[in-house]
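Colleague: Take a look at the following structure, please.
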Amino acid sequence: MGDFNYQYKDRRMDGTLSSAPKEWTDLLDDYYIDIFGDDKQITWHSGRNSAILDYVFCSTNAHHQIPSIHQQYLSPEWTDHELLGFTFKYQDNNGRGPGSWKANPFLARNRQFRKALAEFLLANEEQFTLIKSFSTPQQQWDWVKAEVKIFIKSFQLEDLNWRKKQLHQLLSKRNKMMRQHKHRGLVFQGLDHVNTQIKLLQHTIAEIEILKAGKFWRENGEKSAGFLKRRALARENQRSITELRDPTTDELCRDQQGISTIATNFYSTLFTPDPTDSVALSTLIRSIPGHLKISSEQQESLMLSIDMEELLEDSKHTRRLSSPGPDGLPYEILYLVLKYPPLHALVTDVFNTALQKGKFPKSWNETIMCLLYKKGDPAHMKNYRPLSLANSDYKLFTRCINRRIMDVSTQLISRHQLGFIPGRYIAENGMICQLIMEDAQRKWTVAEQRDDDPTFGSLDTDIGLLLDQEKAYDRVNLDYLRHVLLKFGFPRPLVKCIYKLMGDNLIRINLNGHLSSEVAKLRGLKQGDPLSPILYNLAFEPFLLAIINDRQFQGYLMGTERTKLLCYADDALVFVHDSADLARLQIHMSRYCGASNAKFNYDKVEAFSVSGRDTWDIWETSLAQIHINHLHSVEDDVPLIYLGFPLVQSRLQRVNFMGSLVTKIKIATQIHSTRSLSVVGRATVLNSLLLSKLWYILRVTPLTLADFKQLRSLAIQFLRKNIFPVIPWSVWTLPKEQGGLGVIDIQLQASALYFRWLQPLLVYDQSTIDAHPVSSLLSHHIRNVNNCQFHQIPLLFPSSRSQGLLKQRTGTVDMIYRAVDYLPRSFGSARINTATAMALPLQAAVFVPPSSSFVLPLRVKEMMVADVFQYDSRLNFVHWKDTRDPSLLTWKRTPSTVFKGLATGKLQFQPYFEPVCSPAPLEDSVVSFAPLIEQFRLLDDQPLGNVQASAKAFRRAVLSSVVSPLALRKISASSWKFFWSLSLTTVQRNVIYRLILGRIPHRRFLHFIMPKVFVSPLCPVCLSMNDSPSHLLFHCPSKEKVWQGVIFEFLWPTTSILDIKEALLQLDFSNVWYCQIAGIKPFRILIITLGQLWLAHMRFIYDNVPMDHTAILASIRTSVRQTIAEDQCHSLL
C-alpha cells in the first residue's frame, strides 16, 4: 500500500507502464487485488491538478477478509493526499459476535441524560401503575429495568458528538458528489464549499484534542501513579477461543457451533452436582465445634430489613466501571434509577422479599459467563477461569448480604484462613512459612556443625504440601454448603436465600462475542459475585478445622507453637511431620471431597522439604502412592512460589530468583526509558510500576545487601538516563516537601515493610505477643538464634547479637535487625529497674568513653550483667560480685579487667544503668524493656506504641533526620508543594529543578572534568565569558535579549533579570507579580521562557541552529497562547 506516484491503470497498448517495470505490474496483476477497484475516487490534489496515485493491494487468498473500505478527504494543510482506509479481519474464522449490550457508564455524568431519564421515569408512571395491577413486585422491577434499557438505547448524545457527526455527514456527502460522473460540472461547483467545511471541522476537532491532551498529560501523565499504570500496561488483545479439544474424541474443533457445544457440555457437567457421601458429610460437620456458632443477636442483625439509605450508600461505594450483567445497566445508571423516589417502595419490597423469602426477580437468576485464560493449553476448557457477570442490582443485594455475613464470620473462621477476611494480611502466612523453614534449616545446620550425629537420625524431616484443588469455587456442593451454614447458626431464611442465589441460575457463556445456549448452574459459587469469597471460606472451614483439631496430626512444632496448616482462600499449605501425618491428611482430604464434591489434583500438589535438605529417600514411598513424584529441596535450581513469595532454600535459588526478577525489571526500564519523562515522571514510574512487584515480595523475602545494591543500581540507571551532571541518589530519595523527588529507597522500604513485624515485638508484652502466631514465632526465632531469654535484647543492643552459624543465609532476623537499626533512638534518659539491669548483656551496660584507650576483652561479648553483678534485695541495687566469688573464675581475667576499667574511669556505665548501682526504694521487680523502647521516636516525637505500623510512617521517621543540600533547604515546604503541583512539560520541570540543584551542564564544568574534549571553559555562544548556569540561562548576551523582550512584552517594565533568576531559584514569585496579558500567571511566563531558552541552547549545541532571540521570542509567544488555550479548553470541559 502507499503512494505509487503514478496511475496504475494508465497502461500502454501492450499492458505495460512507462513508470514501472513489467515484472512489477505482472506480480500485482497475478497475485494481488486492488481492494478499492472501481470505487476509488481521486486521491491526490495539487492546485488544479488531481489524479489517482494511492493504492491498497491485498493478496487474492486474503481478499475476502476485507469486509469494508472507505476513502476520506483530509485538510490540504496537512497533506495533498486523501486517506484510504479498510477493515481487515485477522485470524478469525468464525467472526466475533455482538456480545452482550451494556450501557455507557459515563452517561450518568451527563446532565442532559440525567434530566431525560428523570422525565422518562415520570412519563412512565401511568403505565407503571397499570403494570402493578397484574404483576408481582419482582416482575414490576424487571419491567422497570427493561424500560430503562430501551430508553438508554434510544438516547443520543447530540451535544457531545455534533462535530464528529457533522464531519461524517460532510464526508459522506462529498463521496456521493465525487461519484456523480454525469453531473461532474454541477457537482464541482459545490465541492469547494464542502471541502472548506470539512477542512475547518477537521482543524477544530484536532485543535480541541491537542489542547485536551496537552493539559491532561501535564496534570496526570507524570504525577498520577494510577494513570501511568493504566497507560503502561499494554491493552491485551481481545482473546478469541479459536479452537477447543473435544474431550470425547480428543479432536480439535474450530467452528463456532462446535466450540459452543464443547463449552456448554463442559460447564453442564461441572455445574451438575455429584452425590454426596452422607457419612463423610456428617463426620465433617461434626468437626465444627459447638462454640463456633453465631449468637441470637447476630442472627437478628443478619435478617434486619434493608432500607433505601443502605442501598444508596452501598451503590455509591461500588467499584466504578464494573461490568454489568445481561440487563446491561452499570452501577452508575442503576444508582440514578434507585434515587427516583416513586420507586423506593418497590425496590425495598423486592430486596427484603429476596432476603426473607428467597423470591427474586427473574433477571437475578440470569448470568453471562466470560472465560479468562489462565495458563496451559488454551484448547482445554479446564484452563479457563469462568467469571460470572451478574446484573448490578443482584450484586448490590449480595454486597449487602456479604457485608452482614462478614461482620459475624470473623469469629467463625480460624486464624489460619487469611483470605478475604477484614483485618487479616496475606503476608502473615508467607512470614510464618519463612520462619518455619528457617527454624528447620537452623536445626540441621547446628547438627552439621556439631558433627555429633552423622546420620542425622535425631532430626525431623518435615515436609510442606501446597494443595491444589480443581475448580475449587465451581465444585462446591450447595447442599453441603447449606449444612455448613446451618451448623454455624445462620438463620434458615438466609440460608434458603443463599441456596437459591447460587443454585437457581441460568448461564449463557460468551464465546467470541456469541452467547451460548443456557446452562443450568446447580453447583458451585459464582466467581465475581461479592458473596462468593466468604461463602467459600465457610465451606472450606470444616476441612481446615478437621486437621487443626485432629490430635493425631502433628504438623510442625516451633517452640510451643504447633503449625498444621496455612490457608489463603483455596490455597492451602499443610505441614506434614511424618508418614502418619500424611495418612491422616489423606483421610481428611478424601472425607472433604466426598462431602463437598471437591477434587484435589495430586499431580499438581507441590511438596517441599521444610529444612531444605533432600529427604526424598525417606518420603519417596509415601509420596509416590499419591502420585507426588518430586520433593523440592536445596537440590532444585529455582525456589517454589507460595502466595507470590519465593520459598528460597539455597544460595543458588536466591541467585536464580534475583536474576529472573532483575531481568523483568530491566525489560520494564527499557520500555519506560524511551518515554519523555521529567524527573517527577521518572520517580513516579519507578515507585509505582517498575518496583511495584518488588514491594510485595519484600514484605516477607529476605534479601542480601548485594541484592539491594543490584536493584538500586537498576533504579539509578533508569533515573539518571540522559541527565548530566547526575542528580545524586540521596536527592532522588528525599521527601518532596524537602525538595527531593520522593523515590523510595529499596533497602529502606524493605525495612519499612518489616516494621509491621517489628513493632509488636517492641511494643507488646510477651503474653500479647504469644497470642499472635507471627509475633510468637518471630520472638521464639530471635531468642533461638541469639541464645537469649528475651527477644528485645538483640533488637535493642546490636552488640549482643549472635554472629550466626557458618554457611547461614541472610534470613528474617537479619531483616528485623536492619529495620530496628534504622529507627532513631537515644537511651540517655531511660530509667530501668534492677531486674531489667540484671537481664542485660554486660556489653550493653558499659561503654568506652571517646577519650579512653581502654580495650574491652573479647569475652565481654559472651557475658551477662548477672555474671559479674549481684542484686542486693535489702537495699534494692546491683553491685559488683565479690572478687573471690567462684563463679567469676569461669571468665578468668575478664571480670577483673572490667572492674579495673570501671574503677579508673576508663570504662563507664551507660546512663540508664548507672542509677541501678545505687540503693533505691523498692520498685517493680519484673523485667521490662519499656523504658528503653519508649526512647524510640517516629513522627512528631510520638512513642513507638502510639504510631500505626505503616511503611510510610517508618520511612518518614528515618528520612526526617536526613539533611537536604543547601540549595534545597533555602526553599520552603509550601513552595515545593506549589512547584510539584504545577502542570509543566518535561523540559520546563527538568530545567528549573536542575537549575536549583546546580546540575546544568555548562561549558566550564564540562571543561573541568573532560578538558581534552571541551578545550575551553568559555560560553560556546558568546565566546567572551566563562560559562556557568547563570550565564547559560540568563546572562549570555543572546539570552539577556530574550529576557528583556519577555519583560517588555509580558511583565512589569521594572522587573530585572536578577529578580527573575532569584524567583526561579527560590520558587518565590512574589517579586514577579504582574502580567500584561490576561489568562496566564507571570510565573508561567518565566517557566515557559526558561524552557524555550534551554531548547534553543540545545539546538545550537547539537544542530548548529543560530541563537536568534527573535525566533525564541516567537516560540515563547506561541507557547503562551497555547497554554492559555489549553487552560480555557480544560475549564470548559
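The values are calculated or read from the model by the stated rules, or taken from the named source; none is laboratory data. If you're wondering where the values come from, they're calculated on a predicted model, not measured in any experiment. Cβ placement follows ideal geometry from the backbone for every residue including glycine, while neighbour counts extend to all protein chains displayed.
Colleague: Test Asp39 against the stated conditions and say whether it is surrounded by fewer than 17 Cβ atoms within 10 Å (Cβ to Cβ) and within 16 Å of Arg174 (Cβ to Cβ).
Modeller: Answer is yes for this residue.
Colleague: For the subset of region 715-743 comprising residues that are in a loop (DSSP other than H, G, I, E, B) and surrounded by fewer than 16 Cβ atoms within 10 Å (Cβ to Cβ), which member is nearest to the chain's Cα centre (by Cα)?
Modeller: Lys721
Colleague: If you take just the strands (runs of 3 or more DSSP E) that sit entirely in region 471-586, which of them hold at least 2 residues that are in contact with a strand residue (DSSP E or B) (Cβ under 9 Å, 6 or more places away or on another chain) and closer than 23 Å to Tyr602 by Cα?
Modeller: 565-568, 571-576
Colleague: Just to be sure I understand the filter: pairs with C-beta atoms under 6 Å, separated by 6 or more residues or on different chains, first member in region 915-927 and under 17 Å from Gln870 (Cβ atoms) and touching a residue at least 40 places away in the same chain (Cβ under 8 Å), second member surrounded by 11 or more Cβ atoms within 10 Å (Cβ to Cβ) and small (Gly, Ala, Ser). Which pairs pass?
Modeller: Note: pairs meeting the criteria are Val916/Ala837; Ser925/Ala835; Val927/Ala835; Val927/Ala839.
Colleague: Please list, ordered by residue number, the helices (runs of 4 or more DSSP H) wholly in region 947-1041 having 2 or more residues that are crowded, with 18+ Cβ neighbours inside 10 Å and among the aliphatic types (A, V, I, L, M).
Modeller: Result: 951-959, 986-997.
Colleague: Quick check on this structure: which one of Leu396, Leu459 is hydrophobic (A, V, I, L, M, F, W, C) and part of a loop (DSSP other than H, G, I, E, B)?
Modeller: When all the criteria are applied, what remains is Leu459.
Colleague: Let me ask something else about it. Among the listed residues Glu310, Glu300, Glu251, which satisfies the condition of being in the same structural domain as Gly503 (by TED's automatic domain parsing) and free of Cβ contacts under 8 Å to residues at least 60 places away in the same chain?
Modeller: Glu300
Colleague: Also, I was wondering about something else. Which residue, of Leu270, Leu252, is under 34 Å from the mean Cα position of the chain (by Cα), among the hydrophobic types (A, V, I, L, M, F, W, C), over 30 Å from Val685 (Cα atoms) and at pLDDT 90 or above?
Modeller: Leu270
Colleague: Here's a follow-up. Could you check, for region 78-89, whether at least one of its residues is exposed (fewer than 13 other Cβ atoms within 10 Å of the Cβ), touching a helix residue (DSSP H, G or I) at 6+ places or on another chain (Cβ under 9 Å), among the aromatic types (Phe, Trp, Tyr) and more than 27 Å from Asp349 (Cβ to Cβ)?
Modeller: Within region 78-89, one or more residues are exposed (fewer than 13 other Cβ atoms within 10 Å of the Cβ), touching a helix residue (DSSP H, G or I) at 6+ places or on another chain (Cβ under 9 Å), among the aromatic types (Phe, Trp, Tyr) and more than 27 Å from Asp349 (Cβ to Cβ).
Colleague: Identify all residues within region 625-672 that are surrounded by 14 or more Cβ atoms within 10 Å (Cβ to Cβ), over 24 Å from Trp444 (Cβ atoms) and small (Gly, Ala, Ser); write none if there are none.
Modeller: Gly644, Ala668
Colleague: Taking Thr1123 as meeting all but one of (1) modelled with pLDDT under 95; (2) surrounded by fewer than 19 Cβ atoms within 10 Å (Cβ to Cβ), write down the number of the exception.
Modeller: In the conditions (1) modelled with pLDDT under 95; (2) surrounded by fewer than 19 Cβ atoms within 10 Å (Cβ to Cβ), Thr1123 misses (2) alone.
Colleague: Here's something else I'd like to know. From the set of residues in region 166-183 that are part of a helix (DSSP H, G or I) and exposed (fewer than 13 other Cβ atoms within 10 Å of the Cβ), which is modelled with the highest pLDDT?
Modeller: Filtering first and then ranking leaves Ser172.
Colleague: Are any residues in region 474-521 of a type in the set (Ser, Thr, Tyr) and at pLDDT 95 or above, and if so, which ones?
Modeller: Matches in region 474-521: Tyr480, Tyr499.
Colleague: Which members of region 786-802 meet the condition of being in a loop (DSSP other than H, G, I, E, B), touching a helix residue (DSSP H, G or I) at 6+ places or on another chain (Cβ under 9 Å) and surrounded by fewer than 21 Cβ atoms within 10 Å (Cβ to Cβ)?
Modeller: Cys788, Gln789, Phe790, Phe797, Arg801, Ser802
Colleague: So which of Tyr473, Tyr425 is crowded, with 16+ Cβ neighbours inside 10 Å, within 24 Å of Gly644 (Cβ to Cβ), among the aromatic types (Phe, Trp, Tyr) and under 25 Å from the mean Cα position of the chain (by Cα)?
Modeller: Tyr473
Colleague: Exactly one condition in (1) more than 16 Å from Met815 (Cβ to Cβ); (2) surrounded by fewer than 22 Cβ atoms within 10 Å (Cβ to Cβ); (3) not β-branched (Val, Ile, Thr) is not met by Arg699; state its number.
Modeller: (1)
Colleague: Moving on. Which residue, of Ile413, Ile436, is modelled with pLDDT of 95 or more, under 30 Å from Gly325 (Cβ atoms) and not charged (D, E, K, R)?
Modeller: That would be Ile413, the only listed residue that is modelled with pLDDT of 95 or more, under 30 Å from Gly325 (Cβ atoms) and not charged (D, E, K, R).
Colleague: Here's something else I'd like to know. Step by step: first the residues of region 1057-1099, then only those that are more than 43 Å from the chain's Cα centre (by Cα) and part of a helix (DSSP H, G or I), then the one that is nearest to Ile1116 (Cα to Cα). Which residue is that?
Modeller: For region 1057-1099, the residue satisfying everything is Ile1057.
Colleague: Could you figure out which of (1) in a loop (DSSP other than H, G, I, E, B); (2) without any contact (Cβ under 8 Å) to a residue 12 or more places away in the chain; (3) closer than 25 Å to Arg969 by Cβ isn't true of Thr1054?
Modeller: Here Thr1054 clears every test but (3).
Colleague: Sticking with this structure for a sec: Mind checking whether some residue in region 231-238 is modelled with pLDDT under 95, polar (S, T, N, Q), within 27 Å of Gly513 (Cβ to Cβ) and surrounded by 18 or more Cβ atoms within 10 Å (Cβ to Cβ)?
Modeller: no
Colleague: Quick check on my filter: what residues within region 587-600 are crowded, with 18+ Cβ neighbours inside 10 Å and either assigned to a helix (DSSP H, G or I) or touching a strand residue (DSSP E or B) at 6+ places or on another chain (Cβ under 8 Å) (or both)?
Modeller: Hits for region 587-600 are His588, Met589, Arg591, Tyr592, Cys593, Gly594, Ala595, Ser596, Ala598, Phe600.
Colleague: Kindly establish whether Ala903 is loosely packed, with under 14 Cβ neighbours inside 10 Å and free of Cβ contacts under 8 Å to residues at least 40 places away in the same chain.
Modeller: So Ala903 fits the description; yes.
Colleague: If the requirement is being out of contact with any Gly (no Cβ under 7 Å at 6 or more places or on another chain) and either surrounded by fewer than 21 Cβ atoms within 10 Å (Cβ to Cβ) or not aromatic (Phe, Trp, Tyr) (or both), which of these qualifies: Lys496, Lys526?
Modeller: Lys526
Colleague: Here are Glu914, Glu934: which of them is surrounded by 16 or more Cβ atoms within 10 Å (Cβ to Cβ) and among the charged types (D, E, K, R)?
Modeller: It is Glu934.
Colleague: With the requirement that a residue be part of a loop (DSSP other than H, G, I, E, B) and either over 15 Å from Gly528 (Cα atoms) or not hydrophobic (A, V, I, L, M, F, W, C) (or both), what does region 357-393 give you?
Modeller: Gly358, Lys359, Phe360, Pro361, Lys374, Lys375, Gly376, Asp377, Pro378, Ala379, His380, Asn391
Colleague: Taking Ser622, is it out of contact with any Pro (no Cβ under 9 Å at 6 or more places or on another chain), surrounded by 15 or more Cβ atoms within 10 Å (Cβ to Cβ) and in contact (Cβ under 8 Å) with a residue 12 or more places away in the chain?
Modeller: Against the criterion (out of contact with any Pro (no Cβ under 9 Å at 6 or more places or on another chain), surrounded by 15 or more Cβ atoms within 10 Å (Cβ to Cβ) and in contact (Cβ under 8 Å) with a residue 12 or more places away in the chain), Ser622 qualifies.
Colleague: Determine, yes or no, whether Val1046 is buried (at least 17 other Cβ atoms within 10 Å of the Cβ), among the aliphatic types (A, V, I, L, M) and in a loop (DSSP other than H, G, I, E, B).
Modeller: no
Colleague: Could you pull out the residue among Val685, Val700 that is modelled with pLDDT of 95 or more, assigned by TED's automatic domain parsing to the domain that holds Trp732 and β-branched (Val, Ile, Thr)?
Modeller: Val700
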